[in-house]
Amino acid sequence: MLRSKQLLKLVPPYICTCPCIGIRELEVAFFRKQLEKLRQPFPHENEQKIIDYLNSGYCFSLDFGAMHDPFTDEFMGHPHTISDSVWWWEESLPNYVKKYHLSLPEEFISHMKSYNWVCEVDPSIDWLQFDANYPALSDEDIESLDFPDISYEVPDYEICDSSKRIVVVDNFDNITKLNREEYKEYLRVKREWLVKNGCWREVG
C-alpha cells in the first residue's frame, strides 16, 4: 500500500468514535488550537503558488460535511481528501492558507518548489490503495481539546481494577460514565487500540 505523508491535521481524526459529546464541539476546540499555533501575521513569500498547488491536487475521496472557520463560522470548504500522489490534504486547506497564512512543513514547501509549483499527479496510482489514514491523536492533541466538565458516556470501555481496555460492542446497553480526566484517559487507551488494530497509523 502506498504510504502518503500527513500534511496538516485540521480536525481531530475519527473523533466520531467517541459519541459522548457533539463532534462539532470537539472539532472547533481542536481547530482553534491548530490555527493559533500555525497562523502567521504575514503571507509566505510563495503563498499564491502554494494556494494554486493545493487547489490543483487530485480529489480521491469525497466526504460529506463542511469546514467552517472556528472563529467566524465562515464556510471554508469540504473535507474532501486531495493529493499530489505523495502528500495529502483537505479541500479546505488552501482557503485557510490564504486567510491565515498557515505555516506549512518546510519539507512540503521544498517538495512543491522542486516541482516548480506544478502539482503533477501520478496516473498509475491505484487510489483505492492510497493510505490516507489520519495519524493517531497524540497526548498533546488530547490535552489541547477544551473538554467541558460534564459526564461522558462511552459504550466500548471496560475498567477492571487497574486494567482499562477497549471492548467490541454490538449494542449500547452497557454504558460507562466518565469524568473529564477519565475521558482523556479513555481517548489514550482507545488510541492505542486503534493503532494496534490498524485503524490509525503512528507518526514520527
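Order these peptides, 151-162, 34-45, 78-89, by their mean beta-carbon neighbour count within 10 angstrom, highest first.
Values: 151-162: 14.3, 34-45: 12.7, 78-89: 20.2.
Highest-to-lowest ranking by the protection proxy: 78-89, 151-162, 34-45.
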Additional length obtainable on full extension of the chain from PHE71 to GLU143, 0.36 nm per residue less Cα span: 23.9 nm
R0 of 41 Å, Cβ-Cβ distance ARG188-ASN116: FRET efficiency to nearest 0.05: 0.40
Peptides 187-194, 123-130 ordered by average Cβ neighbours within 10 Å, highest first: 187-194, 123-130
Filter on LYS49/LYS190; LYS49/LYS184; LYS33/LYS99; LYS33/LYS184; LYS99/LYS196; LYS33/LYS190 - keep pairs with C-alpha separation over 28 Å: LYS49/LYS190; LYS49/LYS184; LYS99/LYS196
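Each reported figure results from applying straightforward, stated rules to the coordinates on display, with no laboratory input. The structure displayed is predicted, hence computed values, not measured ones. Using ideal geometry, Cβ is built from the backbone for each residue, glycine included, and neighbour counts are taken over all protein chains shown.
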